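The values are calculated or read from the model by the stated rules, or taken from the named source; none is laboratory data. Small disclaimer: the values here were computed from a predicted structure and weren't measured. Heads up, the Cβs are rebuilt from the backbone with ideal geometry, glycines too, and the neighbour counts pull from every protein chain shown.
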């Protein structure tokens, strides 16, 4: 399993997942060893889309790729980049950083602290992990994320081509069109090589998000 580190535009280095806490010339990368698999609680994409639609309607110009535009999404993103937050902060789950390993625990946490109506439970594993897929779950595709347990699973697929919150995309909607067209029905890449190619292309732009990424395999219940 690998982590892909980008501190400067178009410069990507690889480190083994198990070495994420080791010292380098800039100090400790992570303070805790990141999880290689687990359940994530994410916002349902239809809910996220409708919530974000008014904001995007106020933005002038074209809305390329899968950015909110009309009343119905052109394509859905079913990765783990739309992290869910408790509806009532006073009931925030104290152990929020720890990823549930059991589906029943994940569902209970969702129902108690989040929203059963607006949130989904999704299982991931870092590409290369030998962890067994939970029974009843099927492969949806590859996402490219910050480590889900430590950095909130920020996704460069979601933030660039679906729900831009931090860095967004090119205004013309040209630079990523080929990759957008390669996304499957889940808004994810069907093969790991295309995911890696997209990551390298995205990180070649000086406005893109710097950080430490992993390729995540996304699974949802059938």
Quick one: in the stretch 160-182, which of the residues that are under 14 Å from the mean Cα position of the chain (by Cα) and closer than 17 Å to residue 73 by Cβ is modelled with the lowest pLDDT?
165
Residue among 173, 136 that is out of contact with any strand residue (DSSP E or B) (no Cβ under 7 Å at 6 or more places or on another chain) and at positive phi
173
Taking only pairs six or more apart or across chains, which ones have beta-carbon atoms under 7 Å, a first residue in the stretch 189-207 that is at negative phi and crowded, with 18+ Cβ neighbours inside 10 Å, and a second residue that is modelled with pLDDT under 95 and not in a helix (DSSP H, G or I)?
199/4; 199/213; 202/208; 203/6; 203/10; 203/12
Name the one entry in 72, 28, 5, 42 that is modelled with pLDDT of 80 or more and more than 19 Å from the chain's Cα centre (by Cα).
72
Which numbered condition residue 135 fails, given (1) over 22 Å from residue 63 (Cβ atoms); (2) under 14 Å from the mean Cα position of the chain (by Cα)
(2)
Considering only the stretch 55-75, how many residues are in contact with a helix residue (DSSP H, G or I) (Cβ under 7 Å, 6 or more places away or on another chain) and more than 11 Å from residue 163 (Cβ to Cβ)?
2
In the stretch 111-160, which residues are in contact with a helix residue (DSSP H, G or I) (Cβ under 7 Å, 6 or more places away or on another chain) and either surrounded by fewer than 21 Cβ atoms within 10 Å (Cβ to Cβ) or more than 21 Å from residue 33 (Cα to Cα) (or both)?
113, 116, 118, 119, 121, 127, 134, 142, 156, 160
Only one of these conditions is not met by residue 207: (1) under 14 Å from the mean Cα position of the chain (by Cα); (2) more than 20 Å from residue 74 (Cβ to Cβ). Which number is it?
(1)
